[in-house]
Amino acid sequence: MAGWSAVRIDDVESADGPGDSDWKPLRHHFGIRAFGCNAWISDHAGQELVEEHDETDGNGGGQEEIYAIVRGRATFTIDGERLDAPEGTVVHVADPKLVRAAVAEEPGTTVVCVGAEPGRAFTPSSWEVRRL
């Protein structure tokens, strides 16, 4: 084993995610154990990419998250504040209590999310475990 691998996001097998966008469970594809890592791809403008949620209690236990828009454009809503996020934008949500969501503004918009709880070993969220 070389200790590394690469894949095009479009080539990762999709799973039944929390919304209607195409969920790519990158953590499972690569066998990542240290942090959560997922991608979502929209079919059309207006499609939910990241469902409205926070990262407290059963939704992840206090994770920090970073979202990278690698294709297209999305609108994030974080703690009631809207943010236009074109390709190349990286959004960091440090406070797990903040409610966040994202909607695609263009077909094919792709968002990659990485998250983990500071100071603790990674534990998959309950929604991820239920879907895989």
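Throughout, read-outs are computed from the coordinates displayed, never taken from laboratory work. If you're wondering where the values come from, they're calculated on a predicted model, not measured in any experiment. So basically every Cβ, Gly included, is an ideal-geometry build from the backbone, and we count neighbours across all protein chains shown.
Length gained on full extension, Ala121 to Glu52, computed as 0.36 nm times the residue gap minus the Cα-Cα distance: 22.4 nm. With K and R counted +1 and D and E -1, the other residues having a Cβ less than 12 Å from that of Glu87 yield a net charge of -1.
Estimated from the Cβ-Cβ distance and a Förster radius of 25 angstrom, the FRET efficiency linking Glu13 and Phe35 is about 0.80. Averaging over all projection directions, the Cα-based convex hull of the chain occupies 7.9 nm² in the image plane. About the centre of its Cα atoms, the chain shows a dipole size close to 500 debye [charges on the beta carbon of Lys, Arg (+1) and Asp, Glu (-1) only; nearest 20 debye]. Assuming charge only on the beta carbon of Lys and Arg (+1) and of Asp and Glu (-1), the dipole of the range 1-68 about its Cα centre is about 520 debye to the nearest 20. Available extension along the chain between Ala2 and His28 is 7.5 nm, counting 0.36 nm per residue and deducting the alpha carbon span. When the chain is treated as a Gaussian network with alpha carbon springs shorter than 10 Å, the biggest mean-square fluctuation among Arg73, Arg120, Arg27 belongs to Arg120. Shown in residue order for the range 90-96 are the 3J(HN,Hα) couplings computed by the Karplus curve 6.51 cos²θ - 1.76 cosθ + 1.60 at θ = phi - 60°: 10, 10, 10, 10, 7, 8, x Hz (x for Gly and Pro).
Note on Ala45 and Val70: with the Förster distance fixed at 22 Å, the Cβ-Cβ geometry gives a FRET efficiency of about 0.80.
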